Amino acid sequence: MSSIKEELICEQEAESQVLQIAEAAIDGIDMDGLKSMTPGLTEDARLKAVNALLNSKKVILEQMPGGVLRVKVNSSQQIAGTEEEQAIYTLIEESKNRGIWIKELREGTGLNQLQLRKTLKSLETKKLIKTIKAVGSTKKCYILFDLEPDMALTGGTFYSDQQLDSELINTLISVSGSYAASRRKLALEEYPNNIQMQRETSYIRPQEIAQFITEKRLLNVPLTIEDLERILEVAVLDGTIERRADGKIRACAPRSSISPLVSVPCAVCPVVEDCRPGYVISPQSCDYMKNWLAEL
């Protein structure tokens, strides 16, 4: 009886020792490294300790480039469910707010299509995950239920229900242009005889426009500087404002009509850098581009 207790204590000590080493190694530790760090453990005791920690889900084995396995602390949340549910949940959790496609889940878990869809449905019912329909695609991707998806998936401020919000873009173009025009007019009034000062004070920082929009509560959606910069890029192409090298802008001479460039989808598309002729994401397959061209 005494020898059994001693054996259990030795196993617990071995597990504790291995776990402490894994916790200290941010990127995990391979078996050779673990061996050098636990000279007091036999090979059998070390392997038993690792297996016990794997079974209790306190650590995981992560395959590195070249096929080397590392023992790493399991930072994934444990859920009440089947092994299949845990495996899928972990993959979705690791994708964070970028989301993960069903093809990647199938490859990562090895589940067949029927098992995968059944397990995903179960996790959705438990409100642990949710589906997001990405802009520019009919496919769905999965993220954790409580996360907000990345802008590359939703399109950000300028998309509503996966549709480009041209009305919102036009409103922001108009507001930005009007504010810049008022500042240019003020500069002319303050320095009627000083052309250099008129020019200098007519230029404003984009942050001033963003602050004006926020203070006046002109929008029901949050507007970041990055969002406004994208709008200002369209306004520059449209000829309503001009920008100089330091990033400041000012209003151009007023125009009688708004250019179609104001609502071109490419200007505010979150996946424009991945768009290429002949690719999965391409101008030929873009519904937004087809609709825009049809309205010209």
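The values are calculated or read from the model by the stated rules, or taken from the named source; none is laboratory data. Computed from a predicted structure; not experimentally measured. Positions of Cβ are backbone-derived with ideal geometry, glycine not excepted, and every protein chain shown enters the neighbour counts. Heads up: the accessible areas ignore ligands, DNA and RNA and are worked out on the full protein's heavy atoms, side chains in. Shrake-Rupley method; radii C 1.70, N 1.55, O 1.52, S 1.80 Å.
Scanning the range 218-241 for residues that are out of contact with any strand residue (DSSP E or B) (no Cβ under 6 Å at 6 or more places or on another chain) and not in a helix (DSSP H, G or I) returns Leu218, Leu219, Asn220, Val221, Pro222, Leu223, Thr224, Gly239, Thr240. Based on this model, can you work out whether Ile92 counts as among the β-branched types (Val, Ile, Thr), touching a strand residue (DSSP E or B) at 6+ places or on another chain (Cβ under 6 Å) and modelled with pLDDT of 85 or more? Against the criterion (among the β-branched types (Val, Ile, Thr), touching a strand residue (DSSP E or B) at 6+ places or on another chain (Cβ under 6 Å) and modelled with pLDDT of 85 or more), Ile92 qualifies. The single condition among (1) modelled with pLDDT of 80 or more; (2) of a type outside the set (Asp, Glu); (3) open to solvent by less than 80 Å² (accessible area, probe 1.4 Å); (4) more than 22 Å from the chain's Cα centre (by Cα) that Ser166 does not satisfy is (1). Here the helices (runs of 4 or more DSSP H) wholly within the range 8-120 that include at least 2 residues being in the same structural domain as Leu147 (by the TED database) are 83-94, 102-109.
Considering each residue of the range 67-79 in turn, none proves to be of a type in the set (Ser, Thr, Tyr) and modelled with pLDDT of 80 or more.
Selection of the range 182-237 for residues being of a type in the set (Phe, Trp, Tyr) and within 36 Å of the chain's Cα centre (by Cα) yields Tyr203, Phe212. Kindly indicate whether Thr42 is under 30 Å from Gln113 (Cβ atoms) and open to solvent by 40 Å² or more (accessible area, probe 1.4 Å). No, not satisfied.
When the residues of the range 267-280 are filtered to those that are under 24 Å from Glu229 (Cα atoms) and modelled with pLDDT of 85 or more, the one that is nearest to the chain's Cα centre (by Cα) is Cys275.
Scanning the range 188-205 for residues that are crowded, with 19+ Cβ neighbours inside 10 Å and part of a helix (DSSP H, G or I) returns a single hit, Ser202.
Out of Ile88, Ile29, one residue alone is closer than 30 Å to Ala134 by Cβ and surrounded by 17 or more Cβ atoms within 10 Å (Cβ to Cβ). It is Ile88.
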